[in-house]
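Novice: Quick one: the structure is below, and I'll ask about it shortly.
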Amino acid sequence: DSIPHSLPYLQADPVQEADWRQALAQVPGRRIGLVWAGSARLDHPHAAALDRRRSVSLAALAPLAAIPACSFISLQLGVAAAQAAPPGMQLHDPTAHLHDFADTAAVIAALDAVVSVDSAVAHLAGAMGKPVFLLNRFDTCWRWLHGRDDSPWYPTLRQFRQPARHDWATPITQL
């Protein structure tokens with residue numbers, strides 16, 4: 001109860017947001033942003049191992065393509081962005097235009113929701129009050145707490161957690 005969570009406390013630049021709304025206007029259905037992999041922090045001694053535990057392959061997200069009336073927008077940067085979309089999933093990719101968090105926030109503002117692993121994008125979307133569906137690892141970061149599927153920091157976020165290490169199928173199916 002002591003955690004303030006008045007949202008949004010971050011907002012995109014209104015001009016950039018309008019530009020992205022126009023750019024994505026032809027994308028049919030609900031527009032869902034996707035982030036399937038984290039990025040290894042250079043200042044953390046176990047960064048690569050941590051990143052592997054919190055990341056999922058884009059191919060593992062193939063079941064999401066069966067959700068009717070949804071289009072997927074890549075918000076994935078880094079090496080994982082080169083992964084090909086699984087069969088049946090059309091993935092729109094505006095990331096060549098994303099240079100900083102302000103650009104990313106503007107795209108997020110033009111979306112209906114974000115599906116993400118534990119990443120900076122999940123936190124950004126949550127701070128913006130956007131619906132966020134977090135695919136969370138079994139050995140979660142302390143920020144996501146235990147025994148709950150919500151977040152006191154981001155009331156618009158719902159967690160889908162691995163029941164066991166390496167089991168991404170369960171949270172993806174639940175989502």
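The values are calculated or read from the model by the stated rules, or taken from the named source; none is laboratory data. Not measured: the values here are computed from a predicted model. Methodologically, a virtual Cβ is constructed for each residue, glycine included, from the backbone with ideal geometry; neighbour enumeration extends over all protein chains shown. Ligands, DNA and RNA are excluded from the accessible area calculation, which covers all protein heavy atoms including side chains. Shrake-Rupley method; radii C 1.70, N 1.55, O 1.52, S 1.80 Å.
Novice: Looking at (1) 15.5, 46; (2) 19.8, 73; (3) 19.0, 78, which value of Rg and Dmax of the Cα atoms in Å comes from a calculation on the structure shown?
Specialist: (1)
Novice: Further, regarding this structure: Considering Cα pairs under 8 angstrom that are at least six residues apart, work out the relative contact order of region 99-175 and quote it in whole percent. Mind showing how you got there, number by number?
Specialist: Working: 112 pairs, mean separation 18.9, N = 77.
Rounded, it is 25 percent for region 99-175.
Novice: With every protein chain present, what is the per residue accessible area of the chain (1.4 Å probe, Å²)?
Specialist: Value returned for the chain: 53 Å² of accessible area per residue.
Novice: Still on this structure, please answer the following. Please list, by residue number, every one of the chymotrypsin sites (Phe, Trp or Tyr not before Pro) in region 85-150 that is coil in DSSP and has at most 16 other beta-carbon atoms within 10 Å.
Specialist: F138
Novice: Here's another thing I want to ask about it. Determine the relative contact order of region 22-175: mean sequence separation of Cα pairs under 8 Å and six or more apart, normalised by residue count, in whole percent.
Specialist: 22 percent
Novice: To continue, here is another question. Whose amide H sits under 5 Å from the amide H of S71, counting only residues 5 or more places off or on another chain, with H placed in the peptide plane?
Specialist: Amide H neighbours of S71, under 5 Å, 5+ apart: R30, R31, I32.
Novice: With a 1.4 Å probe and every protein chain kept in, tell me what percent of the accessible surface of the chain is carbon plus sulfur.
Specialist: For the chain, the apolar C and S fraction of the accessible surface comes to 57 percent.
Novice: Which of the peptides 28-34, 12-18, 72-78 is most tightly packed, and how do the rest follow, going by the mean number of other Cβ atoms within 10 Å of each residue? If you can, show how the numbers build up before the last one.
Specialist: Values: 28-34: 17.7, 12-18: 14.4, 72-78: 21.6.
Highest-to-lowest ranking by the protection proxy: 72-78, 28-34, 12-18.
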